[in-house]
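These notes are about the structure you will find just below.
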Amino acid sequence: MNALYYRPGDCSSAKALSELFAGKFTVKAERERMAAQTLFDTFDWRLFAAGMSLREVREEGAPVFTEWREEVSDALLGRMEGGLSRKSAPAFGAGVNERLSQILKLRALMPVLTISATWRQLLLRDASGKTTVKLKIKHWSAGKPGSRKLLPLPPTLKLIPLKGYEKEAREARRLLEEKSKLTPAEHSTLALAFQAAGVKPLSYSSKVGAKLNEGMAAEEALRIILSRLAEIMTQNEDGVLKDIDTEFLHDFRVAVRRTRSALGQMKKAVPATVLKEFKAGFGWLGTVTGPTRDLDVYLLKLPGYAKALDPATVKNLEPLFRHIEVRRKGEQEKLKTALLGKRFKSLKKKWGTALGKTWNSSQEWYLGRLPAKEVADRRIFKLYKSIAKQGALLTPESAPEAVHRLRIAAKKLRYMIEFFSSLHPPEKVSEVVAKLKILQDTLGDFQDFEVHRLLLYRFAEELCAVKPPPPPMTFFAMGELAESIAGRQREARSALGAKLEEFTSQENSKLIKSVFGAAGSRLSNESSGNLQH
Amino acid sequence: MKVAATYNIKGGVGKTAAAVNIAHLAAQSGLKTLVWDLDPQGAATFYFRVKPKVKGGGKKLLKADGGLLPAIKATDFENLDIIPADFSLRHLDIDLERKKNPEKRLKKLLAPLSGEYDLVVLDCPPSISLVSEAVFRAADALLIPVIPTTLSLRTLQKLDDFKKEEGLDNLLFLVFFSMADRRKKLHREIIEEVAGNRADVLSTLIPYASDVELMGVHRKPLSAFSTNSASAKAYRALWGEVRTTLFGGK
């Protein structure tokens, strides 16, 4: 039997409830407790999505503590003394921290709700004083974080059965429902609290998720996609400026990259003036946000790289780690200046204006009026064929640049499939994307290793110029690190052939042609020669 | 799931107090915890106010198909359950002997609980027997409370020998001094000698204190009624060391 929730209405006093159970149980009413709670979650609501809550609790007369709970069962998952630090992950202790970090991963916690609650437990005990059933009556109100005005919510009554005492729980339930005429309510207390406070959980997603329909023209579809990407950028902007966690900049840059890719891949559906201005604008935005992100990725990957080295070498690398952190701080300041500057403000404003009106260009060979599905499918199929061609030409001796170009092509393909996914059967799209992701992971690894290995040489030059420079052992250790990364890069490179073969296999080609190939060829026959991208 | 057993051949050294307090602290920290009271005296069961009764007795508990789940009772404390003692556990050795691979039986019985619990604490009777052998094979660590006396050192030596003879290389011994009185010269000397000669001695000392005895009056773990006493702080420190050893990290 799971815990049951009730809306007790008038039957919410401890006295009234105690009288219900007297005779069958010994009722012990615990003292009333009051607490102010702040609920925390990540920007993308990972805890809420997992059915959990994390609360900082300030109870009257007691030190602050933090609790992590499962929402429906109210099961305690972790407890620690003290509140949450804004700068570091919660420290619940070994055995619990790992479970929480599986959910939070790189995301920081932010306050999302303020709750003020008064509650009391009633313990229904047997003859030997053992608690066999618990009841919890709660009166509470909720509001936005930091808000003084909290809106009252209906009181709740929870009947908590205890393992091994199911018979007693059933009896308590019977008494409660028969005597007070209450019926179990659906448990949605947190959802109610968010609603009352005007907070919308799960309101953020980094997925494009553009809802397009079959008859839509390419231009309209493209403006919907680009608007959604602009929305993602806006949602992440504050987090980037405040440097809350690395994922804000990651999501921001992915939205920028996708915007540039959409403009590039669908350029015949974009007026030339729009294309020229905003290709340059978003190109600039990609450039100013790049260095900070590159250093973030490096710092995130370093612990993994360090695992392959012996501890003494890792210790000698500490001046390098500090140097990267200092550089990262400097790049973040430059990034902040750029995002607070006139050029970005102007870009946002003009982009908002451009997306807010129909383009309907009269320029020659404008494809904006053609069906979105057909224009997109043709492009997607062409991208796939290009990857197959590039892959066929790739040899073990090919330069890293060739692998890099392949990676870019794979990324463009992935973006296009995702932009227009609502126009295709979802299970087929998932299948294609899953196979593409396998290839992309290897291409991405190879590229990261290449970049990180080369960056080490730049860092070495920079460290030489530092006064005083780090000890020689640091440079030796960097050499070892470079070699270790090169080894991983070679592994990724040798795995690439098989991944490419798999992606460009006959079976996969058939699948991609079946989803994206047909319309593309039809469009090509109707307007041959006019659709060269 | 980790399994820790409080064990010593000698009685009255603080096994049950350690089992109950560590289990409570573990549960409070968010780890789903189960105490299995294997001592027919049922002291842990008494502390948690649970009836010392298992349907079918010790014999039924050992049945592989029955499983331990039906015997589990929630304590009054969140995240903390108990398989209560039953007086029939006085025959547990005999019941085990009738089973195939008796020394592996407890481990087999605990295995299905790994999805339910993070930590199982076995409160063992003071004896060296088939039950103890089964505990040694089921546990990841033995928490060995030792009163700092000369006789205790002999007990430790016997345990070391037994571990070696039985090839229990993966079993961790976590020795800690219990009912220790630093004012006594003998206690200080024994503590220094043992800690100096063994790598498996935890640094926390559990002091001799009356509030531990009050657990029997309150029928609660110490940290449920006396959070700031020296003993409560000592058990918290002990739990910290045990936690790091069993679960790693900080």
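Every read-out reported here was derived from the displayed coordinates using simple, explicitly stated rules and does not represent laboratory data. Every value quoted in this text rests on a predicted model; they were computed, and no experiment measured them. Virtual Cβ from ideal backbone geometry, glycine too; neighbours counted across all protein chains shown.
Please report the net charge: other residues with Cβ closer than 11 Å to the Cβ of B:Arg219, K and R +1, D and E -1. Walk me through the numbers on the way to the answer.
Values: positive: A:Lys130, B:Arg49, B:Lys220; negative: B:Asp76.
Local charge sum for B:Arg219: +2.
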How big is the dipole moment of segment A:26-164 about its Cα centre under a simple scheme where the beta carbon of each Lys and Arg is +1, that of each Asp and Glu is -1, and everything else is neutral? Debye, nearest 20, please. 160
Distance histogram in 10 Å bins (all Cα pairs of segment A:327-419, percent per bin): 13, 22, 27, 28, 10
For the pairs B:Lys10/B:Lys53; B:Lys60/B:Lys99; A:Lys158/B:Lys53, flag any whose C-alpha to C-alpha distance is greater than 18 Å. B:Lys10/B:Lys53; A:Lys158/B:Lys53
Beyond 20 Å, how much of the Cα-Cα pair distribution for segment A:251-324 remains, as a whole percent? 51
By how many nm would the segment from A:Gln363 to A:Ser147 lengthen if fully extended, with 0.36 nm per residue of separation less the alpha-carbon distance? 72.4 nm
Extension gain A:Trp284-A:Ala434, at 0.36 nm per residue separation less the Cα-Cα distance, in nm? 50.9 nm
Residue by residue, what Karplus-based ³J(HN,Hα) values in Hz, rounded to whole numbers, does segment A:386-394 have, using 6.51, -1.76 and 1.60 with θ = phi - 60° and x for Gly and Pro? 5, 5, 4, 5, 4, x, 5, 7, 6
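Between B:Ser210 and B:Leu153, take the C-beta separation as r, use R0 = 35 Å, and let me know the FRET efficiency to the nearest 0.05.
On the way: r = 27 Å, r/R0 = 0.76.
Once rounded, the FRET efficiency stands at 0.85.
Taking the Cα centre of segment A:149-305 as origin and charging only Cβ (+1 Lys, Arg; -1 Asp, Glu), how large is the dipole, in debye to the nearest 20? Intermediate results must be reported in sequence, preceding the final value.
Details: 25 positive and 19 negative charges, 45 e Å.
With Lys and Arg at +1 and Asp and Glu at -1, about 220 debye.
Which whole number in µm²/s is D for segment B:69-222 by Stokes-Einstein, with the Kirkwood Rh taken over Cα pairs at 20 °C and 1.002 mPa s? Each step should come with its number before you reach the end.
Numbers: Rh = 17.8 Å.
So the translational diffusion coefficient is about 121 µm²/s.
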Packing-based exposure ordering (other Cβ within 10 Å, fewest first) of B:His24, B:His91: B:His91, B:His24
Using a Förster distance of 25 Å, how high is the FRET efficiency between A:Glu237 and A:Ile103, based on the Cβ-Cβ distance and rounded to 0.05? 0.50
Using the structure shown, list the pairs from A:Lys28/B:Lys2; A:Lys267/A:Lys345; A:Lys307/A:Lys334 with a Cα-Cα distance above 26 Å, or answer none. A:Lys28/B:Lys2; A:Lys307/A:Lys334
Formal net charge of residues neighbouring B:Asp181 (Cβ-Cβ distance under 13 Å; K, R +1; D, E -1): +4
Averaged across orientations, what area in nm² does the convex hull of the alpha carbons in chain A project? 33.0
Peptides ranked, highest mean first, by Cβ atoms within 10 Å: ranges A:380-389, A:437-446, B:134-143: B:134-143, A:380-389, A:437-446
So which aspartates and glutamates can A:Lys207 reach, going by Cα to Cα under 13 Å and dropping same-chain residues fewer than 8 places off? A:Asp44, A:Glu231, A:Asp251, A:Glu418
Please give the Cα centre distance for segment A:483-503 versus segment A:50-86, rounded to the nearest Å. 45
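Run the dipole for chain A about the Cα centre, Lys and Arg Cβ at +1, Asp and Glu Cβ at -1, nothing else charged, and hand back the magnitude in debye, nearest 20.
Working: 89 positive and 61 negative charges, 248 e Å.
With only Lys, Arg, Asp and Glu charged at Cβ, the dipole is about 1200 debye.
For segment A:1-159, what is the convex hull volume of the alpha-carbon atoms per residue, in Å³? Walk me through the numbers before you get to the answer.
Working: hull volume 22.4 nm³, N = 159.
Roughly 141 Å³ of hull volume per residue.
B:Lys233 to A:Val64: FRET efficiency via 1/(1 + (r/R0)^6), r the Cβ-Cβ distance, R0 22 Å, to the nearest 0.05?
Working: r = 19 Å, r/R0 = 0.87.
In this case the efficiency is close to 0.70.
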Here, segment A:141-219 modelled as identical Cα point scatterers in vacuum has Debye log10 I(q)/I(0) at q = 0.16, 0.20, 0.23, 0.25 Å⁻¹ of -0.83, -0.96, -1.07, -1.15
Separation of the A:Met110 and A:Lys307 label points, Cα + 7 Å toward Cβ, nm: 3.1
In sequence order, what are the phi-derived ³J(HN,Hα) couplings for segment A:495-502 according to the Karplus relation 6.51 cos²θ - 1.76 cosθ + 1.60 with θ = phi - 60°, rounded to whole Hz, with x for glycine and proline? 7, 5, x, 5, 5, 5, 4, 5
Quick one: what does P(r) look like for segment B:147-244 with 5 Å bins over all Cα pairs, in whole %? 2, 12, 19, 20, 19, 15, 9, 4, 1
Bin all alpha-carbon pair distances of segment A:1-93 at 10 Å intervals from 0 and give each bin's fraction as a whole percent. 13, 33, 32, 18, 4, 0
Quick one: the Cα spread of segment A:336-476 along its three principal axes, in angstroms, biggest first? 64, 46, 31
Total formal charge among the other residues, if their Cβ is under 12 angstrom from that of A:Leu439, Lys/Arg +1 and Asp/Glu -1: +2
What length, rounded to one decimal in nm, is gained on full extension from A:Lys510 through to A:Ala495, with 0.36 nm per residue of separation minus their alpha-carbon distance? 3.1 nm
Cut-off 12 Å (backbone N to label point 7 Å along Cα→Cβ of A:Ser206), residues of segment A:230-245: A:233, A:236, A:245
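State the volume of the convex hull built on the alpha-carbon positions of segment B:1-97, expressed per residue in Å³ and rounded to an integer. All intermediate terms of the calculation are to be shown ahead of the outcome.
Values: hull volume 10.2 nm³, N = 97.
Residue-normalised Cα hull volume stands at 105 Å³.
Semi-axes of segment A:175-242's equivalent ellipsoid from the Cα gyration tensor, sqrt of 5 times each eigenvalue, largest first, rounded to whole Å?
On the way: eigenvalues 359, 79, 11 Å².
With the √(5λ) rule applied to segment A:175-242, the semi-axes are 42, 20, 7 Å.
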